[in-house]
Every structure is written in structure tokens, then in C-alpha cells.
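Structure, as C-alpha cells:
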């Protein structure tokens, strides 16, 4: 039988110890974002998403296939952490549902990217503010197969300001294209707290 | 973007009205910012321009008195409001208003569970109570009651019931389970229906009618008042529950199983509303389209068959359940097995072999009123999936089911879309839900879906089928198909509207019911 699970991890960014093996880059980010609570979602049915989440230590895992089971955690986080950040690398439907719930608490997408494979062509389609969109799509492309790790390492640096959004696209050829998932990475935050 | 204003209202008048509303509910509960606040009141699945359904502002009262005061202000300024509660109503327009510039009256903060009565099996709730809220309350109190929820359970009881929503337990006809309402009319008058009108009554949620005309239905799918409270019957937790699934090999089996089902349903051998679900709907719960087909247009038959084999699914997949004491369930299941044994290739599935399959798991939860959001997985069938639902009603007979299915499938394929659908057999009728799924990031696909939907409405009407509920964009078109005797039904709706809401402030255009000052101008 088919099964899938959704990982949720939460971490208070001040506590560097929550990271299993923090990369140097992420360590720097954490030091620069010392008060930012973070909630991260990932999907274990997709290899890239599993790679992404493995960078963050599993601190508060509630796991099952139904995104509705995470509403309580999400609502609590939004209420208690208005300056927080919610990120993920998930299926599009999970992002969609979480986005709709978080909207009611003033959390909106400041960054999202669609990651698709067509044969051995990997496409990153990044939507963010003008300043960030091109930088992020280039960085994802430069990371090649390791883009989920790059994303995890840099999630606290994803844009948090509300401004005009643009979309940029980068395509690259990869040698190992076993993934057929349509995944979305995203970041929600409340812009007025910036 | 320039803020849309209500039709005929100047910016000065609008600001004056907002100032009055802020005095009633406080500044924190009047929402004006398009970026950080009003995006909660848009329809992400709209197939036309976002601006077509953009509100000017939203206001969230916390009690009936505030609702009355808000109505006084909008009557004074003649500003149309669009009432919503909790939940999303996606595929049917979401929380967005029928026309740009309306003010959203958001009842989400009126979220009290006023009573849950275990002995008599009912709940009395306010509009902001979601299925999750009521379910959690019942679980926390340890009450032996079930709820009957919408498939995405973030929906609200009052919103779903008043939209004629359906569920999956024996209490699935939500409007049928309504008993007693409180409504605020456009002039601020508070009305209670049924038995609660008598002094000290405790029977409003027990007996629906009282003396005189039963008017509850007038406030469903309409704009004659603001519902602020509702009694809903809840199913006592049964001693047993046996869900089952039957996979069917052939397209034509839809006709056969529909005809076999009606007597079982009417005679309560199958207690809930059985569903016949197509292969793609079921498959989409666990795989995406691109795994089996990356070409353009609808998925070819050969790919469908391979997918069915891989996932152990049928071309159609039939779900139902029986409830009650063990001997009763055993007897009923024997009758059901005997009935469906005549269908070549029909294969029964139960929890022992099917558990862990996302499609099975979420249906099993729904048929026992356990809220979940798993159905959203469907939208991963295509990347960035959005959808609007085409929902015609027919008799629960095989020929009607096949006629609808073949017409819709043919048209969907002509327009390059997959047929993704299910049939649900109610007490006598059959709901057919065609999920018209498109890439919500693609303007071209949305335009194509929009055009297809309009054609389906007309063709279904020609075949004698009307829809039970629809998206904002198609409310007028569908209202036009209920046209017998020179539109006498809509003339009656409009006469009531003009009497109860002379200034036309309540949800103008809801389901095609327009106030006189806007009639013919949509």
C-alpha cells in the first residue's frame, strides 16, 4: 500500500543546539537572526524534501499524511510567534492549505519557488521581491543536485519584506533525475514586523 | 492597485462608513489593507481576473448586537455586504464577494459552541464554528456523538449547511439535519425559527417546524438574512461501523452499480450516501499525473489502465458503509455482497487489506465523521492545481449517471482536461461532482476551464440537469436554467428579496438573487 508522511519540525532559532549538523552558513544566519522562531514543513515521500529536512534536527515532529492534523500546531505557532517564519519544501497542496490558514494570522508568502523535473532538466521558478528572486534562483541552480540542502542552509535568509513580487526561472541539466515530484519551497512571515 | 469601492459609493462615503464600523467592532476588526489583510478574502481558484471579485474591506463582529449595528450602518450608506463564516468554500468562489467593492461581513469570530446535547443528539453553534472545532469539543468531553463533516474539514457547520453541502455518514444531508435557526434580517430584526419562538422553549433543536410556515430553507443559498445560530442534529456513535470499497473494471459498470444501489439506499441497507469515484480521483490521492503521462491533453486509456493495475484500483471505485450492531451489519453486508456479485470483476476491499492507502484512509475517516484535509492531495495531480466544481443533480439511476458522465467527459477531453469526478447517491437523487482541475498559475488554462464550464451548464440544462451549487462566476447563468414558467421561481426570490432587504445590502447576486437596484446590471 502507498503511504506518505509529512514532517514538521520547529526550532527556536536562538537555540543553535536544535540543529543536528549546522552548516557554517546556517550558523551565521542563526547568529544574525537571534530571535526568530521557525517552523519547517517537509514531505517524506519526496527524496529532495527529505534531504531538505534532514538539515534540521527533528525537535517537534508530528507526522501523518493529513495536513489538517497540523492545524493546531500551525495556529499555535502563528498566535505565539508573530515575528516567526514558516517555511517548507512540500507538495503544492500542502503549501496551499498552510498558506490559507496562515493568512488569517497575517502570515503571507514572501518567497515561493516551484521545483520541477522534466527528463534530466531541473527548473527552479522563483517568486520573490525584485532584489531577491534572481539571486535565489541562481543560487539554487548553482547548487545543482544539492539545491534542497542549499535551501535548508539558507532558509532564514529568505525574503521577509512585502514588496512587488517577480518571478524568475532557471533551468539546468542534471545527471541524476530520478525525482518526478512537483515540489514547492516557500516562506511565510508577517511583513509588518520587519 | 486602486481599491475597489462599492458601486455608487464615493471614497468619502466609504471612509465615513468605515469610521462608523470601527466604532462598533473596534479598529482591529475592520480590515482594509489589500496586501496584509484582504488577501484572506480572495478566491485563489477564480478563473477570471482577480479584480472581478475583490472586496473593499472586511468587518468581523463578535456578537449579534454588533451584527445588527453593522447592518444599520450599511443600510444607511447603502453599501453591499457579502456574508461569510469560517471555512473556505473553494471551488465555489471561496470567501470572495460576487462583485468587486463589496464589504465582507466575516462571522468567523462568532465561534461559540452553545450547546451539545448527547442524550438527544444535537449541537447549537454560531457561524464561526468549524467541523474541527466541534469534533475536538466532542472528543475532549468524551461525548458519544459523531459529526458529519465536509471533505476538507476546515469548513464550518453553518456555512456548509446553508450552502446545501453534503457529507459522508448517514447524517450527510446537512440541510435535513438542521433544526432551528437564528437570523438577523436586513433591518436588524432578530428572528428565531421553529419551536424556539415560544417562551422558555428547549425544543428548537428537536422539532424543526413549530406552527406556521417553515422558513428555514429561505435562508439557505440566499441573501435574505444573516444566520447567526443553528441547531444541527448529530449522529449517536454507533456500536459498529463497516466501511467497504468495491473496485469496478469497466466504464459501463457505473450504470449497473447506480441502478443496483438505489433500492439498497432507499431501504437503508447501505446507511450512508455511497460514492462511485473515478480512477483519476482515486489515483490522485497518491500519485501525480506526470508519473504516468507527461503528454498534453487527457490521459490516454492505456496509461489509465496501467495506473489502475499498479494502484489496485478500478475504473470506478465504489465506497459505502453500514453502521450498527454486529449482527445487523453482517446481514446488511451479505445483502450488499449478493447484490454486487452480479457485476463482473467487482472486487470488495476492507480495512484489513486497504489500510494505508491514502484514498481508502480518508474515505474511512469521512464516513465516520472524522475531520481531515486529505482530499486536497488531489490537487497535486497536476502541478499548481486549482479547480472549480461542476455539480449537476440527476435521479439516482444508471442511465442518468452515464449520460452525464459521457457528456462531461467528452467535453472535458475536447478542452484538453481530464475527467475527474464522483457520484454520490442521496436519499433519492444523485450528486455528480466533476472536478474541473486546471493549473491555477496559467491564465490560458483558466480561460479554457471557464469556457468549458459555461458550455457544461448549458448542455446539462438541455439534458434536464440543473446544478445544486456553483461558483460566483456562474451563479447567474445557472439561475437562468431554473426558468420554468417565465422564471417564476426567481421572480418569487426577487419579491422576497425586495420585501426583506429593500436597499439590497445583503450579498447581492448570491446564487443569482439580485436586489431591485442591481437587477439586470450584473
Residue B:144 and residue B:355 label points (each 7 Å along its Cα→Cβ direction) are spaced in nm at 2.4 nm
Here the FRET efficiency for residue B:198 versus residue B:428, based on Cβ atoms and R0 = 30 Å and rounded to 0.05, is 0.35
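For residue B:334 and residue B:250 in one chain, what is 0.36 nm times their gap in residues minus the Cα-Cα distance, to one decimal in nm? Walk me through the numbers before you get to the answer.
Working: separation 84, 0.36 × 84 = 30.24 nm, distance 2.34 nm.
Extra length from residue B:334 to residue B:250 when fully extended: 27.9 nm.
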The ratio Rg/Rh over the Cα atoms of segment B:116-176, Rh being the Kirkwood inverse mean 1/r radius, stands at 0.93
If B:256, B:276, B:169 are placed from fewest to most neighbouring beta carbons inside 10 Å, the sequence is B:256, B:169, B:276
Length gained if residue B:301 through residue B:49 is fully extended, taking 0.36 nm per residue and subtracting the Cα-Cα distance, is 87.3 nm
Output field shielding_mean for A:67-78 (other chain Cβ, 10 Å radius) holds 3
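Looking at segment B:218-318, I'd like the Rg to Rh ratio, where Rg is from alpha-carbon atoms and Rh is Kirkwood's inverse mean 1/r. If you can, show how the numbers build up before the last one.
Values: Rg = 19.4 Å, Rh = 17.2 Å.
Answer for segment B:218-318: 1.13.
At 4 °C and a viscosity of 1.567 mPa s, what translational diffusion coefficient does Stokes-Einstein give for segment A:88-167, taking Rh as the Kirkwood radius over Cα pairs? Give it in µm²/s as a whole number.
Once the numbers are plugged in, D ends up at 97 µm²/s.
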Tilt, helix B:443-462 to longest principal axis of chain B (alpha-carbon atoms), in degrees rounded to tens, equals 80 degrees
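How big is chain B by the Kirkwood estimate over distinct Cα pairs, in Å? If you can, show how the numbers build up before the last one.
Values: mean 1/r = 0.0416 Å⁻¹.
Computed over chain B, the radius equals 24.0 Å.
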Percent of all alpha-carbon pairs of segment B:241-472 at distances over 26 Å, whole number, is 36 percent
FRET efficiency (residue B:136, residue B:326; Cβ distance; R0 25 Å; to 0.05) is 0.30
With R₀ set to 30 angstrom, the calculated FRET efficiency between the beta-carbons of residue B:399 and residue B:492, to the nearest 0.05, is 0.40
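Averaged over peptide B:441-448, how many Cβ atoms belonging to another chain are found within 10 Å of each residue's Cβ? Show your work: numbers first, answer last.
Details: counts 5, 0, 0, 0, 0, 0, 0, 0.
Across B:441-448, the average partner-chain Cβ count within 10 Å equals 1.
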Semi-axes (Å, rounded, descending) of the ellipsoid equivalent to segment B:11-106 per its C-alpha gyration tensor are 22, 14, 12
With Cα coordinates, the longest principal axis of chain B makes an angle with the long axis of helix B:64-77, in degrees rounded to 10, of 60 degrees
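Counting pairs of alpha carbon atoms under 8 Å apart in space and at least six apart in sequence, what relative contact order in percent does segment B:241-472 give?
Values: 388 pairs, mean separation 66.7, N = 232.
Across segment B:241-472, relative contact order equals 29 percent.
Can you divide the C-alpha Rg of the protein assembly as shown by 2.2 N^0.38 Å and report the result to two decimal places?
0.96
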Here, residue B:413 and residue B:33, labelled 7 Å along Cα→Cβ, have an inter-label distance in nm of 5.1 nm
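Just to be sure I follow: if Rg is taken over the C-alpha atoms of segment B:418-522 and Rh is the Kirkwood radius over the same atoms, what is Rg/Rh? List each step's numbers first, then the result.
Details: Rg = 16.0 Å, Rh = 15.7 Å.
So for segment B:418-522, dividing Rg by the Kirkwood Rh gives 1.02.
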Rounded to the nearest 10 degrees, the helix B:484-500 long axis (Cα) sits at an angle to the longest Cα principal axis of chain B of 40 degrees
Sorted largest first, the Cα spans of segment B:113-236 on the principal axes come out in Å as 38, 29, 23
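Laboratory data are not the source of any read-out in this text; all were calculated from the coordinates shown. Just so it is clear, the structure is predicted and the values come from calculations on it, not from any experiment. Don't worry about glycine lacking a Cβ; one is built from the backbone with ideal geometry, like all the others, and counts go over all protein chains shown.
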